Amino acid sequence: MLKVKNVSVAVDDLIVVKDASLSIGTGEIHILMGPNGAGKSSLLKAIMGISDYRVVKGNILFNGKDITDLKPYERAKLGIALAHQNPPKVRVKSRYLLIKLMELYHRSKVDEYLKKLIKEFNIEHLLDRELYLGFSGGEIKR
């Protein structure tokens, strides 16, 4: 599913990841561990295509397709996402955000798809609250 082949990542002119390789199959869960400054977040940002994190060597493949030069939104359309350990604070109601996202990505089936997501993630009780305000850790992750 995801293959990182001998990837080196630069921020400005500084190499922050050198010759990283990994392979993640469908349904697998992997954990990147290492000390602060080892390049874990930098590698993840490069996989997501964040512009400050340039792949200067190697390739990133997703489902056999080379995505090394794709824009972040193109990667997101393929199903690649980067989730923050502690999400950024946003002052908006959860329902509003979900509706806008569904309109953006599933215009013709907004109501049906939104209802499915709400049920699947068990978040009905969170929809009319400000995003993250008073949410438990588990609710924030959902």
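The values are calculated or read from the model by the stated rules, or taken from the named source; none is laboratory data. Treat the numbers as computed from the prediction; the structure is a model and nothing was measured. All Cβ positions, even for glycine, are placed from backbone atoms using ideal geometry, and neighbour counts span all protein chains on display. Heavy atoms of the whole protein, side chains included, go into the accessibility calculation; ligands, DNA and RNA do not. Shrake-Rupley method; radii C 1.70, N 1.55, O 1.52, S 1.80 Å.
The string of couplings for the range 111-116 from the Karplus curve (6.51, -1.76, 1.60, θ = phi - 60°) is 4, 4, 5, 4, 4, 4 Hz, one whole number per residue in order, with x for Gly and Pro.
Per-residue extension of 0.36 nm, minus the Cα-Cα distance of S21 and K115, leaves a gain of 29.9 nm for this segment.
Expressed as a whole percent, the accessible area of the chain that falls on carbon and sulfur atoms is 54 (1.4 Å probe). The Stokes-Einstein estimate for the range 15-105, based on a Kirkwood radius over Cα pairs and taken at 37 °C with 0.692 mPa s viscosity, is a diffusion coefficient of 215 µm²/s. Assuming a ≥ b ≥ c are the square roots of the Cα gyration tensor eigenvalues, decide whether the range 1-53 counts as rounded (a/c under 1.5), prolate (otherwise, with a/b larger than b/c) or oblate. Prolate is the answer for the range 1-53, as a/c is 1.5 or above and a/b outweighs b/c.
Between the listed residues I60, L131, L22, the Cα displaced farthest toward the positive end of the dipole of the chain, a dipole computed from Cβ unit charges relative to the Cα centre, is found at L131. Per-residue packing, averaged as other Cβ atoms within 10 Å, sorts the ranges 124-133, 2-11, 71-80, 38-47 into the order 38-47, 2-11, 124-133, 71-80, beginning with the highest.
Per residue, the chain exposes 72 Å² of solvent-accessible protein surface, assessed with a 1.4 angstrom probe and all protein chains in place.
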